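What follows is a set of notes on a single structure, which appears directly below.
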Amino acid sequence: MDNLAPSSSALRRGRRSIAGQPYLITVSTQERVRWFCDPTYADRAASVLNDNRTWPDATVLAWVLMPDHLHLMLILGESETLPQTMARAKARIWQLLRQASGSSLRLWQHSYHDHALRRDEDLLPAGRYLLDNPVRAGLVERHSDWKWRGGSLLAAIEAEWP
C-alpha cells in the first residue's frame with residue numbers, strides 16, 4: 001500500500017462537490033500556529049464566518065473557531081464547488097488578519113479535511129459534536145462558554161442540548 005503525504009493530491013482524487021450536500025470540514029492553520037488565541041484575530045475571523053458575503057452559494061449550519069483550526073458544517077449550493085467555497089472563506093479571513101497583524105506569513109494550510117454527511121446522519125448530533133470541540137480540548141467547561149462559534153443551526157443545536 002502506498003503511503004501518501006497528507007498534502008498529496010492523491011488524497012483529493014475522487015473529491016466531489018455535491019449541491020445540497022452537508023459537509024463537515026476542518027481546516028488548520030499553517031504549521032498549527034495558534035493565531036486565534038489572540039481575541040482580536042479570533043473576532044475578525046468570526047466576523048468573516050458570520051458574513052453572508054463569505055457564503056454566497058452555501059449555507060453555514062455551524063462553525064467553531066479553535067486556536068489553530070476551524071471546524072465548519074455547511075450545505076453546498078448549486079453554483080460553486082467545495083474548493084471554491086473554502087478558498088473564498090480562507091482568503092477573506094486571511095485578508096482581515098493580514099491587515100491587523102501586518103504579517104505576510106501564510107495563515108492556512110493549503111488543504112482541508114472534508115466529510116460528506118450521509119443522508120441518515122442527523123445534522124443536530126453532528127453540530128453538537130462540532131460545537132463541543134472547545135470542551136474536549138479543555139478550553140472551556142461548557143460549549144456555550146466559547147465565544148467563537150456560530151451558524152444558522154446554532155440555536156436549534158443548543159436548544160436540544162442536555
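Below, the figures for the structure above:
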{"read-out": "Selected residue (only one of Leu11, Leu24 is within 22 Å of Asp68 (Cβ to Cβ), open to solvent by 30 Å² or more (accessible area, probe 1.4 Å) and at pLDDT below 90)", "value": "Leu11"}
{"read-out": "Members of region 104-162 found to be part of a loop (DSSP other than H, G, I, E, B) and of a type in the set (Ser, Thr, Tyr), listed by number", "value": "Ser104, Ser111, Tyr112, Ser152"}
{"read-out": "Matching entry among Pro56, Pro67, Pro83 (being part of a loop (DSSP other than H, G, I, E, B), surrounded by 14 or more Cβ atoms within 10 Å (Cβ to Cβ) and not hydrophobic (A, V, I, L, M, F, W, C))", "value": "Pro67"}
{"read-out": "Candidate set: region 114-140, residues that are of a type in the set (D, E, K, R) and touching a helix residue (DSSP H, G or I) at 6+ places or on another chain (Cβ under 7 Å); chosen: the one surrounded by the most Cβ atoms within 10 Å (Cβ to Cβ)", "value": "Asp114"}
{"read-out": "Within region 98-113, considering residues that are touching a residue at least 40 places away in the same chain (Cβ under 8 Å) and of a type in the set (Gly, Ala, Ser), the one surrounded by the fewest Cβ atoms within 10 Å (Cβ to Cβ)", "value": "Ala100"}
{"read-out": "First in region 71-97 and farther than 15 Å from Ile25 by Cβ, second anywhere and open to solvent by 20 Å² or more (accessible area, probe 1.4 Å) and among the aromatic types (Phe, Trp, Tyr), Cβ under 8 Å, 6 or more apart", "value": "Leu97/Trp35; Leu97/Tyr41"}
{"read-out": "Residue count, region 114-162 (criterion: in contact (Cβ under 8 Å) with a residue 60 or more places away in the chain, of a type in the set (A, V, I, L, M) and within 18 Å of Thr59 (Cα to Cα))", "value": "9"}
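The values are calculated or read from the model by the stated rules, or taken from the named source; none is laboratory data. Source: prediction; values computed, not measured. Virtual Cβ from ideal backbone geometry, glycine too; neighbours counted across all protein chains shown. The accessibility values were calculated without ligands, DNA or RNA, using every heavy atom of the protein model including side chains. Shrake-Rupley method; radii C 1.70, N 1.55, O 1.52, S 1.80 Å.
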